[in-house]
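Reading through the structure tokens given below for one structure.
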Amino acid sequence: MTEFGKVAVLLGGSSAEREISLKSGQAVLAGLLKAGVDAHPFDPSERALTELAGFDRAFVVLHGRGGEDGTLQGALEHMAMPYTGSGVLGCALAMDKVRTKSLWAGQGLPTAAFEVAVEGRFKAETASQMLSRLGGKVMVKPANEGSSIGMAIAETPEQLAQAIAAAHEFDREVLVEQWIDGPEFTVAILGERALPVIEMRTDNAFYDYQAKYQSNETRYLCPCELPEQEELELRALALTAFRAVGASGWGRVDVMRTRDGRWQLLEVNAVPGMTETSLVPKAARAVGIDFPTLVTTILAQTVE
Ligand SMILES: Nc1ncnc2c1ncn2[C@@H]1O[C@H](COP(=O)(O)OP(=O)(O)O)[C@@H](O)[C@H]1O
Ligand SMILES: [Mg+2]
């Protein structure tokens, strides 16, 4: 595959998700090499981006801040270096769960009720009212993290104040979201297409870091058990939600569903996990796209 020239696989980085990115990046690298692409690993936490000058394009497999949040994409734009996935705006919005949800709510897309606790402005004395406005049980999340980092469940004002304080260690803005009691799904997006839905089932209190990366107990259902019509509806919703934040190319949309059957959009991942066992490759496999084909399809999006 000479049409792609020399490809830098951007992996590692310095965010809290560095370790996951190293694994995703190694898998992408192996997949590209297997497909005959002249691919090389490139860790921006170890090398200056100016060293990309000798490459023709970049495959971005950096998760979290500094890689998935639009800053790196801005630098690549500046260097006129073609890169995979969403652009500056799509990445920046997708990274920010608060603005993502505001945007969805503004467009009438379904997402759970939420409030924002800003560091220095949030008063612990108001935790009790916040909790009752949001239905008595909430999920607390730093606005700009991934991999369930810094997240906690709160059901009492004390727990809420404590969870917000803990999440402020990660972010100035903390999202406090109404608890959703129901099953959880994810939809991979590849180009203009939403791939088959995957349902995740865990016995943990939620799909936390352990359930995501360490547990052998987490179950992934693909095909999922939704009736065909509902699956199609969810795929269409995910694609709309993905485009609404300006995301493009490839990615993943996380969604839950209330017991009475309402979808609730959680977040968009602009650079989701890409190990061979990650969710996007799983969904791709369900429609006959193997890993080397998946990564070359994503890379091909950088060629006009
Ligand atoms: N409002 C909520 N109610 C119940 N569970 C939630 C809620 N928000 C998130 N979760 C759980 O936490 C997990 C991680 O949340 P998510 O918003 O996808 O953030 P990230 O994956 O970036 O850490 C979800 O996969 C889900 O299991
Ligand atoms: Mg998620």
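The values are calculated or read from the model by the stated rules, or taken from the named source; none is laboratory data. Just so it is clear, the model here is predicted, and its values are computed rather than measured. A quick note on method: Cβ atoms are made from the backbone with ideal geometry, for glycine too, and the neighbour counts reach across all protein chains shown. Side chains are part of the model used for accessible areas, which takes the heavy atoms of the whole protein and leaves out ligands, DNA and RNA. Shrake-Rupley method; radii C 1.70, N 1.55, O 1.52, S 1.80 Å.
A few remarks follow.
- Scanning the range 232-285 for residues that are of a type in the set (Lys, Arg), away from ligand 2 (no atom under 16 Å from the Cβ) and touching a Phe, Trp or Tyr at 6+ places or on another chain (Cβ under 9 Å) returns a single hit, Arg285.
- With respect to the conditions (1) within 16 Å of ligand 2 (Cβ to nearest atom); (2) open to solvent by 20 Å² or more (accessible area, probe 1.4 Å); (3) within 24 Å of Phe55 (Cα to Cα), His78 lacks only one, and its number is (1).
- Thr258 of a type in the set (Val, Ile, Thr), at pLDDT 95 or above and away from ligand 1 (no atom under 13 Å from the Cβ): no
- Of the residues examined, Asp181 is not one that is crowded, with 16+ Cβ neighbours inside 10 Å and either assigned by TED's automatic domain parsing to the domain that holds Glu230 or at negative phi (or both).
- Pick from the range 184-204, criterion part of a strand (DSSP E or B) and within 12 Å of ligand 1 (Cβ to nearest atom), ranking: surrounded by the fewest Cβ atoms within 10 Å (Cβ to Cβ): Arg201
- Residues of the range 274-296 that turn out to be crowded, with 16+ Cβ neighbours inside 10 Å, at pLDDT 95 or above and more than 20 Å from Leu234 (Cβ to Cβ), as a count: 6
- Residues of the range 157-178 classified as surrounded by 18 or more Cβ atoms within 10 Å (Cβ to Cβ), charged (D, E, K, R) and part of a loop (DSSP other than H, G, I, E, B), total: 1
- Of the criteria (1) exposed (fewer than 15 other Cβ atoms within 10 Å of the Cβ); (2) touching a Gly at 6+ places or on another chain (Cβ under 7 Å); (3) of a type outside the set (A, V, I, L, M, F, W, C), which one Pro142 fails: (1)
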